[in-house]
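The values are calculated or read from the model by the stated rules, or taken from the named source; none is laboratory data. Treat the numbers as computed from the prediction; the structure is a model and nothing was measured. Cβ: placed from backbone, ideal geometry, glycine included. Neighbour counts: every protein chain shown.
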């Protein structure tokens, strides 16, 4: 027999408190639909009336196939009734079936922040939830600063929970608002709430990650009896973030004892879309995905050591705690100057290339990798460039185009209105079969408008016209650009790593090395396009 765990997402409200994050209404709608498809039970859309975007979101609220939308607000303010509190009215007028109200559960915050007597705070909680019950709403009480309050005055903190529960709150959520509580104390707080009369199937946990324990604290709360988990996609949230649902969800579905004890609204099929959901949010925020992120990071299933790669070839369970495909991820066996033939054959197999053990070409590939890494290349990161190198050595890489020459010019000047602008012009000539094609691209932007510089101009010029190959790269875009100086003095070179992605959700990294940063960038750009053409089986032009 399994218990039902309720997943409550607050990306659109608490996640929006992240420094540097500002969602548009259209982005909030897109994220809500993403969460619904994932199988989240409740999606907290924001605080109606607090800002125009949140109000607009509820006015244009998308229809959900699975999830319930929740509006967030606060318990009534002192000196007025719940019926006459305009802030509470705005939350109710959002029209959601679920309403979450935050209220103080720490005496210090009641007397210092609110400046009211402790009994008055309890009455505000009771009146607010009685008001929600009378209007037929599913009510959620976020007991703010509960664990700090429980530490300071256990009786009062529990009285706050009982006040909301007595008036029909469906969920009583224990909030570690400052994020400083550790798992053992979380468990004690949950157990105390249950002993105080709050049923386990009405208890939830809201953890912040200020000690790096938000996921562990959420699991500790579940083990102690809580049945709702609040969190955000990719761990967004103010300060250090909230509990990361992208880590929690696969843990609940794939790890014991949770897999056997609990059920969620997330199906196995939806779980396979977890990486895509995580990357989509990063795309919306224009952020580079965290390579070391559990389950969904690009390095989450990377095996660099030769011993590991050899064992992985025999049985992936030797060095993988779950199947990468379960969360939509893939295994990576990087290549570096530490690699042996086991790594090499495993990496080639991942690319669909089978080479027999002992094939003399393997040794030659390894020697070339080591020689090039000695010159500054980094193939443990640039998997796509490594694949091209290996295919070329094995005679398995067609030539789709050849770059005959390129030129790039950057200039800073004032425009007709007296504004300082940067102009980057790039011209690229390529040979495609029997044709010669010259493409031009110009970027013109104010410095404060972003990084549309010479590398961007080169990228656009190179990809502007590849003849019949154009359709194969139409959905390709660059997502990150990293530069590192390798060596020192006159022997120093520039290493450029480019991250690319396409419409299929594939992401790949290429590398270029040169004493000239533009030349290194162009090498990585050309590799990025070649890898895309290779993986899409593009025909070789004549």
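Of the conditions (1) modelled with pLDDT of 90 or more; (2) over 18 Å from residue 298 (Cβ atoms), residue 489 fails just one. Which one is it?
(1)
For region 68-93, give me the residue count where each residue is within 25 Å of residue 39 (Cα to Cα) and in contact with a helix residue (DSSP H, G or I) (Cβ under 6 Å, 6 or more places away or on another chain).
2
Do we find that residue 391 is more than 19 Å from residue 498 (Cβ to Cβ) and either outside any helix (DSSP H, G or I) or not assigned by TED's automatic domain parsing to the domain that holds residue 468 (or both) in this structure?
Here the answer is no, as residue 391 does not meet what is asked.
Taking region 179-207 as the search range and keeping residues that are touching a strand residue (DSSP E or B) at 6+ places or on another chain (Cβ under 7 Å) and part of a loop (DSSP other than H, G, I, E, B), which one is nearest to residue 232 (Cα to Cα)?
179
Count, please, the residues in region 513-542 that happen to be over 27 Å from the mean Cα position of the chain (by Cα) and either assigned to a helix (DSSP H, G or I) or closer than 18 Å to residue 401 by Cβ (or both).
Qualifying residue count for the region: 16.
Within region 325-347, identify whether any single residue is outside the structural domain of residue 492 (by TED's automatic domain parsing), modelled with pLDDT of 85 or more, assigned to a loop (DSSP other than H, G, I, E, B) and more than 23 Å from residue 482 (Cβ to Cβ), and answer yes or no.
Scanning region 325-347, I find at least one residue that is outside the structural domain of residue 492 (by TED's automatic domain parsing), modelled with pLDDT of 85 or more, assigned to a loop (DSSP other than H, G, I, E, B) and more than 23 Å from residue 482 (Cβ to Cβ), so the answer is yes.
Can residue 252 be described as outside any strand (DSSP E or B), touching a residue at least 24 places away in the same chain (Cβ under 8 Å), surrounded by 24 or more Cβ atoms within 10 Å (Cβ to Cβ) and within 19 Å of the chain's Cα centre (by Cα)?
no
Yes/no per residue for (1) more than 13 Å from residue 11 (Cα to Cα); (2) in contact with a strand residue (DSSP E or B) (Cβ under 9 Å, 6 or more places away or on another chain); (3) buried (at least 23 other Cβ atoms within 10 Å of the Cβ):
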{"position": "35", "(1), (2), (3)": "no, yes, yes"}
{"position": "44", "(1), (2), (3)": "no, yes, yes"}
{"position": "49", "(1), (2), (3)": "yes, yes, no"}
{"position": "52", "(1), (2), (3)": "yes, no, no"}
{"position": "56", "(1), (2), (3)": "yes, no, no"}
{"position": "62", "(1), (2), (3)": "yes, yes, no"}
{"position": "65", "(1), (2), (3)": "yes, no, no"}
{"position": "74", "(1), (2), (3)": "yes, yes, no"}
{"position": "77", "(1), (2), (3)": "yes, no, no"}
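For region 137-158, give me the residue count where each residue is part of a helix (DSSP H, G or I) and either closer than 18 Å to residue 177 by Cα or in contact with a strand residue (DSSP E or B) (Cβ under 9 Å, 6 or more places away or on another chain) (or both).
Result for region 137-158: 11.
Name the one entry in 176, 210 that is on the phi < 0 side of the Ramachandran plot, free of Cβ contacts under 8 Å to residues at least 40 places away in the same chain and either surrounded by fewer than 22 Cβ atoms within 10 Å (Cβ to Cβ) or in contact with a helix residue (DSSP H, G or I) (Cβ under 7 Å, 6 or more places away or on another chain) (or both).
210
Looking at (1) crowded, with 21+ Cβ neighbours inside 10 Å; (2) assigned to a strand (DSSP E or B), which one does residue 385 not meet, given that it meets all the others?
For residue 385, the exception is condition (2).
Could you count how many residues in region 11-33 are touching a strand residue (DSSP E or B) at 6+ places or on another chain (Cβ under 6 Å) and more than 19 Å from residue 94 (Cα to Cα)?
The number of residues fulfilling the criteria is 1.
Just for region 357-376: of the residues that are in a loop (DSSP other than H, G, I, E, B) and over 37 Å from the mean Cα position of the chain (by Cα), which one is modelled with the highest pLDDT?
Result: 359.
Which residues, counting only those in region 162-173, are outside any strand (DSSP E or B) and in contact with a helix residue (DSSP H, G or I) (Cβ under 6 Å, 6 or more places away or on another chain)?
Selection gives 163, 164, 167, 168, 169.
If you scan region 286-301, which residues turn out to be under 20 Å from residue 482 (Cα atoms) and crowded, with 18+ Cβ neighbours inside 10 Å?
The answer is 289, 293, 298.
Can you pull out the residues in region 68-84 that are in contact (Cβ under 8 Å) with a residue 40 or more places away in the chain and farther than 19 Å from residue 144 by Cα?
Of everything in region 68-84, those that are in contact (Cβ under 8 Å) with a residue 40 or more places away in the chain and farther than 19 Å from residue 144 by Cα turn out to be 68, 81, 82, 83.
Going by the structure shown, is residue 468 in contact with a strand residue (DSSP E or B) (Cβ under 9 Å, 6 or more places away or on another chain), in a helix (DSSP H, G or I) and surrounded by fewer than 17 Cβ atoms within 10 Å (Cβ to Cβ)?
yes
Using the structure shown, decide if residue 429 is in the same structural domain as residue 525 (by TED's automatic domain parsing), touching a residue at least 24 places away in the same chain (Cβ under 8 Å), closer than 30 Å to residue 303 by Cβ and touching a strand residue (DSSP E or B) at 6+ places or on another chain (Cβ under 8 Å).
The answer is no for residue 429.
Taking region 2-28 as the region of interest, how many residues are touching a helix residue (DSSP H, G or I) at 6+ places or on another chain (Cβ under 9 Å) and over 22 Å from residue 235 (Cβ atoms)?
4
Would you confirm whether any residue within region 120-136 is assigned by TED's automatic domain parsing to the domain that holds residue 102, within 24 Å of residue 14 (Cβ to Cβ) and part of a loop (DSSP other than H, G, I, E, B)?
No - not one qualifying residue is present in region 120-136.
What single numbered condition from (1) closer than 20 Å to residue 495 by Cα; (2) touching a strand residue (DSSP E or B) at 6+ places or on another chain (Cβ under 9 Å) fails to hold for residue 405?
The failed condition is (1).
Residue 202 is checked against (1) modelled with pLDDT of 95 or more; (2) surrounded by fewer than 23 Cβ atoms within 10 Å (Cβ to Cβ); (3) not assigned by TED's automatic domain parsing to the domain that holds residue 42 and fails just one. What number does that condition carry?
That leaves (3) as the condition not met.
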